[in-house]
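Structure first, then comments.
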Amino acid sequence: MAEIGWFDVLSTAENYFTVERLETSKWDALSTDAKKTKALTQAYNRIYYSGLFDVPTYAEASAAQLIVLQKAQAEMAYYLAQHLADEDRRKGLHAQGVTEAGIVKERYGGANQQPIDMDKIPIPPLVLGMLEDFSTEGKALYVTAVDRDEDEESMEL
């Protein structure tokens, strides 16, 4: 049995959407198991490889961690099902150097404009909150009070 990120099988994710999530129209619109598996896989990849979190793999996660990771992955998959096409268009405009899209009245930076962080990986606030314990932000390693055990004079080169 191959895992789908932090889900053991697709039916576990389906259960999340059936039992826990009130609005499921975008998930339901993914008409095949293959599309749902793709959404879950992309959600897992976005979380796992974002660099924003230090998350375990399915095999490394505790049972308590798996519960949180599955919910976060499902919510990320829902976000992707609902917003990925629009996100791709906006990122495409930014990659082309467009600084303003007149139809939607968006500004992406430029002269006298606050730049929008188009290079950041979009993660919905709900998912960020769920994964707060795994966040790598603000967790830098600092070494203090380092002493040497050996005498410098006794060291031979």
Subset of region 29-74, residues exposed (fewer than 13 other Cβ atoms within 10 Å of the Cβ), within 18 Å of GLU137 (Cβ to Cβ) and in contact (Cβ under 8 Å) with a residue 24 or more places away in the chain, comes to GLY51, ASP54
Those residues of region 12-28 which are exposed (fewer than 11 other Cβ atoms within 10 Å of the Cβ) and closer than 15 Å to ILE67 by Cα amount to VAL19
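FYI, it's all coordinate maths here, none of it is from the lab. Just so it is clear, the model here is predicted, and its values are computed rather than measured. Glycine gets a Cβ as well: all are built from the backbone with ideal geometry, and neighbour counts include every protein chain shown.
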